[in-house]
Amino acid sequence: MDSPLSVVVYPDAESAKAGAAEEIASVLRSAASVRGQATIALAGGRTPEGCYRKLAQRHDFAECWDRVKVFWGDERCVSTDAPSSNYRMAKRSLIDEMTGSPAGIYPMLPFEARQRGDFERAAERYAETLRDEITERVNGIPSLDLAILGIGVDGHTASLFPGDPLIGHDKQWVRLVEAPQEYSPRHRLTLTLPLLSSARVVCFLVTGREKRDVVAEVLRCIRSRSTGTYTKQAAPRYPAAGVFARERLIFVLDAACS
Ligand code: 6PG
């Protein structure tokens, strides 16, 4: 049995971002109350920023913030004050808007790693961080409570792009990748499908007419999957279609892309 899939469509992007914020707060509150901590990997890009701002306004989220550990699903290999930094976007739209501190904040590219420019080592160090800071395991892989993901028009998710030769048989949890040349910056760190698919809940947040076709194809692939686990499937044409979840796979969409 594949991951239980739910697709929620909102009239517009703003209500979709509010709906995703509600889902995030609900999953993390539940995890924090059951296990005393809640772990989340944040998505980058443009779409989630509005969702994070709405999340920061939610009282039900504020109540569990001190038990939340914040990770990232991917990060561009830039400084944390660069406009393209996913860390910077989440810090400004969520972390700095919250009262008090979370249980932990784990950027993919801390200062010393960036200074050294040794991004391969940074990927290894992040895998060690996931191992040390996430107590839940699935087949030896750290299991996040929640992973937030977006989808690019080419079907990429996190920084896993179509044509990536390791997709479908990744053994690493975190990788340095070089994005296709139309993406800048090209060097990024990304969580891999085995790690993402070990999450209890995965929530895709996607909006915009330009993504309608890719969302339809990704959902078609997911609905046609016969297996319930990542390891038993061939490399999907679209990396987003290769994501599983242990408990729930949620697509939060606006009407324009559904
Ligand atoms: C990134 C994201 C990436 C993003 C998609 C969609 O670092 O860019 O992790 O996977 O989710 O590219 O981006 P938009 O939300 O900007 O359309």
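For the chain, list log₁₀ I(q)/I(0) at each q in 0.15 Å⁻¹, using the Debye formula over Cα point scatterers of equal strength and ignoring solvent, two decimals each. Taking Cα atoms of the chain as identical point scatterers yields -1.05. The residues of the stretch 5-257 present an accessible area of 42 Å² per residue when probed at 1.4 Å with all protein chains retained.
Of the accessible area of the chain, computed with a 1.4 Å probe over protein heavy atoms only, carbon and sulfur atoms account for 48 percent.
Summing Cβ point charges (Lys, Arg +1; Asp, Glu -1) relative to the Cα centre of the stretch 5-257 gives a dipole of roughly 400 debye.
Distance between Cα centroids, the stretch 47-64 to the stretch 71-134: provide it in whole Å. That distance is 19 Å.
Listed by chain and number, the lysines whose C-alpha is less than 28 Å from the C-alpha of Lys211, apart from same-chain residues fewer than 8 away, are Lys17, Lys54, Lys91, Lys232.
The values are calculated or read from the model by the stated rules, or taken from the named source; none is laboratory data. Predicted model, so just to flag it, every value in this text is computed and none were measured. Counting neighbours? That spans all protein chains shown, and the Cβs are built from the backbone with ideal geometry, glycine included. When the accessible area is computed, the model is the full protein with side chains, heavy atoms only, and any ligands, DNA or RNA have been set aside. Shrake-Rupley method; radii C 1.70, N 1.55, O 1.52, S 1.80 Å.
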